[in-house]
Amino acid sequence: MQITTMWPFFILLIGLLLKETTQVSAIRIRSLSAILSSSKPGCPEKCGNLTIPYPFGIGKGCYFNEPFEVRCNNNTAFSHGLYYRSVKHISMDTITVVVPSIPYPYNKSSGKNIYGDEYTTGKSIGEHFSVSIKNNLVAIGCDIYAYIKDLDNSSRRQDNIVSGRASFCDSGGANGSLLYDSNNALSSASSSYCTGNNGCCQSAFSRMPRIPFASIQTMNTEKTSWASSNCTYFLVVEKGISESEFTQLLGKCKKDDYYKGRLAVNWVIGNVSCDNATRTPKYACGMNSRCVDDTTRPTEGYRCNCSPGYQGNPYLPNGCQDINECASQKGKHSCPNDARCINTPGSFLTQMM
């Protein structure tokens, strides 16, 4: 068995950090509950079709701090905190970043990565950003085992491998057992079969590692399929992406063969816990809002949500406004038909007629 320690897990992260890269990645940010829609008063609200909600902002004085600065160039937004990657959408918690990933071919005789063994560790993408648990590990290749483990021993946890899966090719060859139509496109019959027996495997994360270590091993199976299909990809991609986007990579190893994968990235307003944040003058949550700890990060961090009964942008001083349950559509309040609904700040009262 040949073992190759590789940095593709963090090539996605380092791809964010490499300022000299020539590929500008697209970012879209999705929401857990509601889309922020208000910029800081007096500041540009949009860049092209993209809404820029505070704490992000365009121009001096319009963002919370530098990591949340957005620059607008030809109707395209670029994030300072993500090294000026292009931004497509902003939500309450997650950014999806398009990051290019190159193939990693093996020597057909030895099974060793021809680029040499590589290794990397890291904790987060700066203080405000971290890789989200909303991603899957995806490995493309024949007779390989891919995994990510946490080298942090401080917590004395036993589950140091946080994601891993084997990928086999039943019939070997460049296309493994994937099905292609007459136009050499992945057929719909195999578009959801990234199960590990057709040259493609994927695995969820049990948790996000504090000190990640990424590796691929070639496996000496009976057919040793990696000898005939020696190209591999190691990806960390957002859950829910159509598998047809990356399963066609099997067997493609040319220099111009690379995959623009979408990586889900969390953002937080501060890299401390709520308990500590509420005691500091830089506490970011406005009136009628509450602090929420991000427990999915390997390090501490918090965000703000509007308090129950309020809606809006919790990062603006008066961004969370009362919801008038009585004026809302049916179902917003539980008043019986013969009762009068009286709206109150953050709630409502029922008065019998």
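Derived scalar couplings between HN and Hα for segment 265-276 equal 10, 7, 10, 10, 7, x, 9, 10, 6, 4, 4, 7 Hz in order, rounded to whole Hz, by the Karplus curve 6.51 cos²θ - 1.76 cosθ + 1.60 (θ = phi - 60°), x for Gly and Pro.
On the basis of the beta-carbon distance and an R0 of 25 Å, ASN73 and ASP256 show a calculated FRET efficiency of 0.40. Near THR195, the amide H atoms lying under 5 Å from its own belong to CYS200; only residues 5 or more places off or on other chains count, and H is placed 1.01 Å from N. The phi-based Karplus calculation (6.51 cos²θ - 1.76 cosθ + 1.60; θ = phi - 60°) puts the 3J(HN,Hα) values of segment 196-211 at x, 10, 9, x, 8, 9, 9, 8, 6, 9, 6, 6, 8, x, 7, 10 Hz, whole numbers, x for Gly and Pro. Residues whose amide H falls under 5 Å from that of ILE52, counting only those 5 or more places apart or on a different chain, are LYS46, CYS47, with hydrogens built in the peptide plane. Would you mind pulling out the separation of the Cα centroids of segment 281-308 and segment 64-92, in Å? Cα centroid of segment 281-308 versus Cα centroid of segment 64-92: 21 Å apart. A simple rule links phi to the HN-Hα coupling: the Karplus curve 6.51 cos²θ - 1.76 cosθ + 1.60 with θ = phi - 60°, which for segment 40-54 gives 5, x, x, 10, x, 8, 9, 10, x, 9, 8, 6, 10, x, 5 Hz, with x for Gly and Pro. For the pairs LYS46/LYS260; LYS108/LYS260; LYS112/LYS149; LYS108/LYS252; LYS46/LYS134; LYS149/LYS254, note any where the Cα-Cα span goes beyond 18 Å. Those over the limit are LYS46/LYS260; LYS108/LYS260; LYS112/LYS149; LYS46/LYS134; LYS149/LYS254. Looking at the square roots a ≥ b ≥ c of the eigenvalues of the Cα gyration tensor of segment 242-330, which shape do they give, rounded for a/c under 1.5, prolate if a/b is larger than b/c, or oblate? Taking the square roots of the gyration eigenvalues as a ≥ b ≥ c, segment 242-330 is oblate. In this structure, the amide hydrogen of LEU263, modeled 1.01 Å from its nitrogen in the peptide plane, lies closer than 5 angstrom to those of VAL97, VAL98, VAL99, GLU238, counting only residues at least 5 positions away or on a different chain. If you plug the beta carbon distance of ALA204 and SER110 into 1/(1 + (r/R0)^6) with R0 = 22 Å, you get a FRET efficiency near 0.10.
Since every read-out is calculated from the coordinates, none of them should be taken as a lab result. Keep in mind that what you see is a predicted model, and the values were worked out from it rather than measured. With ideal geometry, Cβ positions are generated from the backbone for all residues, glycine too; neighbour counts draw on all protein chains shown.
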